[in-house]
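Just below is one structure, and these are the notes that go with it.
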Amino acid sequence: MQLRNSSSRYGWISIFMHWGVALAVFGLFALGLWMVGLDYYSTWRKDAPELHKSIGLVLLAVNGATSAVALYQSATPRTCKL
């Protein structure tokens with residue numbers, strides 16, 4: 001399999017980014033559900049939301065990189081000028 005996208009298949013970069021984002025979204029969902037059950041005296045009460053925000057910001061950056069790669073590697077010509 002090739003590294004970049006072709007007209008018939010996605011490349012390894014796109015596949016890796018897709019599954020990485022999917023795992024991060026499910027992880028953030030699980031972390032959010034776990035945080036709801038924390039009591040006031042838990043040691044994770046202040047650290048877990050910070051971890052959740054950090055992972056969310058990394059996910060936002062990866063999403064931007066995915067969009068940039070999709071624009072760079074598009075197999076079909078774009079119809080509008082950016």
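The values are calculated or read from the model by the stated rules, or taken from the named source; none is laboratory data. Being a predicted model, the structure only gives us computed values, none of them experimental. No Cβ is skipped: glycine too gets one built from the backbone with ideal geometry, and neighbour counts run over all protein chains shown.
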Just one of GLY56, GLY11 is touching a Lys or Arg at 6+ places or on another chain (Cβ under 7 Å) and in contact (Cβ under 8 Å) with a residue 24 or more places away in the chain; which is it?
GLY11
How many residues does the stretch 1-49 contain that are more than 16 Å from ALA68 (Cβ to Cβ) and not in a loop (DSSP other than H, G, I, E, B)?
21
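Can SER14 be described as surrounded by 10 or more Cβ atoms within 10 Å (Cβ to Cβ) and modelled with pLDDT of 90 or more?
Values: surrounded by 10 or more Cβ atoms within 10 Å (Cβ to Cβ): yes; modelled with pLDDT of 90 or more: no.
In short, no.
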